[in-house]
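The structure appears below as structure tokens.
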Amino acid sequence: MGNRRTTVRDVRRANRASLLSDLFHGGMQSRLELAATTALSQASVSNLIGEMLDEGLVEEAGLVDSDGGRPRVLLRVRPGFGFVVGADVGETRVLVEMYDLAMSRLAAVTLAHDDDPGEVSGRLLEGLAAVIAEAGVEEKDVLGYGVGVPGVVDRDGVVDSQPTGWDAVPLGAMLRAGTDVPVFVENGAKTLGQAEMWFGACRGVQHAVIIMIGTGVGAAVVMDGRGYRGANSNAGEWGHTTLIFDGDPCRCGARGCLEAYIGADRIGRRLAEATGEAYTQDLLPHLLAATEMPAAAKTVFASTVGYLGAGIADLINLFSPERIVLGGETGTLLGRRFLPQIRAAAAQHALRRPYARTSIELCELGPDAVAMGAATLPIGMLLEQGGLHESQPVGS
């Protein structure tokens, strides 16, 4: 008897998850439309939607005319049912943002740090408290805090990043010690990828690679609509694949990594050397925005585009995605100026057939995409559980 009860629980939870996910991703729909898209019976849809209306998880949000009958009620996930917070840990600052369940941004704060794990953890907790206060919500109504960081992240939130010197930093545990809000830690390229899959250039795409180029270089690989993590959660360290045997030294300690040729810092230093201008972090964006670019800079960018195209070709040959999306601050700037050249360089190095079936596009979301994607981590958990806590009874 116990097994049957567990099975009924699981089925109801799965059906709630299907309805809730469909409402979140598909927008306002009637009960009739939900029955069609989820393949659930009208009776099941009415029963489960009734539960979620009573819980305040779903709300009625308007009417739509039906053919000859009375208007149908449109439903949506209630934006104020709960709130989510996402953070983007950059090399010198953290961006922390709060959203409701309609993904409206309610508050944001940027805080500087010196890359010490203890200080980063402190700034993240400070930022969480700041956005909760700014938005005027109760901490108990925050469903979770997602944090996007550079490096390899395991399922417990332990971070390894050779380029920044983080060695098995238990960031998840450090944050959980300072807040009762559920904490989710993930690689920043993967949170960027999730944001683009849910809201941006990869909506509706089942096989994609989302590239993030800043000082570091990473990628989020999506297969069958789900992020690919690999056996040890470190899939996507594209920046540390070898482009040139025994080539330029990389921050990770190896030589010839792709990051050593297309990372923002390395491009900026090559530009400074070629043009004779002083190296600053503003040099790269300044030259990319220049109407008349110096000839020496054009040469540096031509080689950079070649390196990037070769790296993208590797992704095409390995994964045969429907779409490759170029993002991150530097990736977006390069794409805006040189997207046709990047496509041509990728075509030159990729196998013809998989290249012909791949589109190379720019990210659609802005500079807060990593934080937005991190904020979707607790939403993913909410949808997966059908809006229920593990201890909450189903249809009792």
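For a Förster distance of 51 Å, can you work out the FRET efficiency between the beta-carbons of GLU55 and THR242, rounded to the nearest 0.05?
On the way: r = 52 Å, r/R0 = 1.02.
Result of the calculation: an efficiency of 0.45.
Tell me the angle of helix 42-55 to the major Cα principal axis of the chain, expressed in degrees between 0 and 90 and rounded to the nearest ten. Approximately 80 degrees, to the nearest 10. Between the helical axis of 188-199 and the longest alpha-carbon principal axis of the chain there is an angle of about 50 degrees. Inter-part distance, region 21-97 to region 309-368, computed on C-alpha centroids, equals 34 Å. Between LEU101, LEU362, LEU40, the Gaussian network model of the chain with springs among Cα atoms under 10 angstrom shows the greatest mean-square fluctuation at LEU40. DSSP beta bridges confined to the chain are antiparallel in about 65 percent of cases.
What order do PHE245, PHE83 take when sorted by accessible area (1.4 Å probe), most exposed first?
Details: PHE245 185, PHE83 30 Å².
Ranked list, largest accessible area first: PHE245, PHE83.
When HIS113, HIS349 are compared by accessible area at a 1.4 angstrom probe, the order from most to least is HIS349, HIS113. Tell me whether the chain comes out rounded, prolate or oblate; compute the Cα gyration tensor, take square roots of the eigenvalues as a ≥ b ≥ c, and use a/c under 1.5 as the rounded threshold. Taking the square roots of the gyration eigenvalues as a ≥ b ≥ c, the chain is prolate. Solvent-accessible surface of region 51-150, averaged per residue with a 1.4 angstrom probe and all protein chains in place: 44 square angstrom. Amide H to amide H, with H built 1.01 Å from N, TYR228 comes under 5 Å of VAL221, VAL222, MET223, counting only residues 5 or more places away or on other chains. Using a probe of 1.4 Å on the protein chains alone, the accessible area found for ASP54 is around 140 Å². The alpha carbon gyration tensor of region 154-202 gives principal lengths a ≥ b ≥ c with a/c of 1.5 or higher and a/b no greater than b/c, which makes the shape oblate. Relative contact order of region 1-145, taken over Cα pairs closer than 8 Å and 6 or more residues apart, is 16 percent. For helix 329-349, what angle does its Cα long axis make with the longest principal axis of the chain, in degrees from 0 to 90 and rounded to 10? So the inclination is approximately 80 degrees. Counting only protein heavy atoms and a probe of 1.4 Å, the accessible surface of the chain is 50% carbon and sulfur.
Loop-located GluC sites (Glu not before Pro) in region 108-171 (DSSP state other than H, G, I, E, B) with a sparse environment of at most 16 neighbouring Cβ atoms within 10 Å: GLU138. Over the residues of the chain, the helix contribution to mean residue ellipticity at 222 nm works out to -14000 deg cm²/dmol, using -39500 (n - 2.57) for each DSSP H run of at least 4.
Measuring only protein heavy atoms, the 1.4 Å probe finds ASP160 accessible over about 60 Å².
Taking a ≥ b ≥ c as the square roots of the eigenvalues of the Cα gyration tensor of region 294-374, is the shape rounded (a/c under 1.5), prolate (a/b larger than b/c) or oblate?
On the way: a/c = 2.30, a/b = 1.03, b/c = 2.23.
Oblate shape, in that a/c is at least 1.5 and b/c is the bigger or equal ratio.
Between ALA208, ALA310, ALA43, the Cα set farthest toward the positive side of the dipole of the chain (charges on each charged residue's Cβ, about the Cα centre) is that of ALA43.
What accessible area per residue comes out for region 309-367, rounded to a whole number of Å², with a 1.4 Å probe?
Values: 3080 Å² over 59 residues.
On a per-residue basis, 52 Å².
Note that region 286-303 has calculated 3J(HN,Hα) couplings of 4, 5, 5, 8, 5, 5, 10, 8, x, 4, 5, 5, 4, 5, 4, 5, 4, 5 Hz, one per residue in order, obtained from phi through the Karplus relation 6.51 cos²θ - 1.76 cosθ + 1.60 (θ = phi - 60°); glycine and proline are x.
For VAL183, nonlocal amide neighbours, meaning residues 5 or more places apart or on other chains whose placed amide H falls under 5 Å from its own, are TYR145.
The values are calculated or read from the model by the stated rules, or taken from the named source; none is laboratory data. In this text, all values refer to a predicted model and were calculated from it rather than measured experimentally. Reconstructed Cβ throughout: ideal geometry from the backbone, glycine too, with neighbour counts over all protein chains shown. We work out accessible area using only protein heavy atoms, side chains counted, and drop any ligands, DNA or RNA first. Shrake-Rupley method; radii C 1.70, N 1.55, O 1.52, S 1.80 Å.
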